[in-house]
Amino acid sequence: QVQLVESGGGLVQAGGSLRLSCAASGRIFSINTLGWYRQAPGKQRELVAVVTSDVTTNYAESVKGRFTISRDNAKNTVYLQMNSLKPEDTAVYYCYTALRLAVWSREYDYWGQGTQVTVSS
């Protein structure tokens with residue numbers, strides 16, 4: 001099937017930077033949306049940033065100007081460059097994709113296993 005493998009999380013001081021990567025592999029015909037969501041303890045999962053196949057991007061207001069999402073279609077990979085990190089950015093970050101398995105199939109949603117990002121004050 002399809003696997004999403006995330007990397008790049010970790011511990012960083014406030015004001016620092018991290019770069020998350022997520023590579024999709026498996027039986028993939030086409031990928032429409034790639035993105036990142038996050039979930040902090042006791043809170044609901046929320047959108048961080050997404051990028052569609054026509055390179056349209058959408059960001060949460062809280063990360064605009066600090067985070068940048070990009071994709072490499074040749075590698076089926078999405079990146080999230082996170083700058084000027086704040087303690088409130090601490091969460092588990094999940095990679096997300098909406099893709100088609102074949103030319104005739106509908107879109108399916110897949111999620112990564114999550115990677116922890118911790119920002120210390």
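The values are calculated or read from the model by the stated rules, or taken from the named source; none is laboratory data. Keep in mind it's a predicted model, so treat the numbers as computed, not measured. Cβ sites come from the backbone with ideal geometry, for glycine too, and all protein chains shown count toward neighbours. With ligands, DNA and RNA removed, areas are computed over all heavy atoms of the protein, side chains included. Shrake-Rupley method; radii C 1.70, N 1.55, O 1.52, S 1.80 Å.
Quick look at the values:
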item: Cβ pairs under 6 Å, 6+ apart, first in segment 70-99 and more than 20 Å from ALA24 (Cβ to Cβ) and open to solvent by less than 40 Å² (accessible area, probe 1.4 Å), second at pLDDT 95 or above and not in a strand (DSSP E or B); result: LEU85/GLY16; ALA91/ALA40
item: Condition check for ASN32: in contact (Cβ under 8 Å) with a residue 60 or more places away in the chain, in a strand (DSSP E or B) and either surrounded by fewer than 16 Cβ atoms within 10 Å (Cβ to Cβ) or over 15 Å from the mean Cα position of the chain (by Cα) (or both); result: yes
item: Close pairs from segment 100-117: first exposed (fewer than 11 other Cβ atoms within 10 Å of the Cβ), partner in a strand (DSSP E or B), Cβ under 8 Å, at least 6 apart; result: ARG106/ARG100; ASP109/TYR96; ASP109/THR97; ASP109/ALA98
item: Scan of segment 82-111 for residues that are within 18 Å of the chain's Cα centre (by Cα) and either among the aromatic types (Phe, Trp, Tyr) or in a loop (DSSP other than H, G, I, E, B) (or both), ordered by number; result: ASN83, SER84, LEU85, LYS86, THR90, TYR93, TYR94, TYR96, TYR108, TYR110, TRP111
item: Exclusive hit being in contact (Cβ under 8 Å) with a residue 40 or more places away in the chain, surrounded by 13 or more Cβ atoms within 10 Å (Cβ to Cβ) and either over 13 Å from the mean Cα position of the chain (by Cα) or farther than 30 Å from ALA102 by Cβ (or both), set SER7, SER25, SER53, SER17; result: SER25
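Residues checked against (1) at pLDDT 95 or above; (2) more than 18 Å from VAL5 (Cα to Cα):
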site	(1), (2)
ARG71	yes, no
THR77	yes, no
LEU80	yes, no
LYS86	yes, yes
TYR93	yes, no
TYR96	yes, no
ALA102	no, yes
GLY112	yes, no
SER120	yes, yes
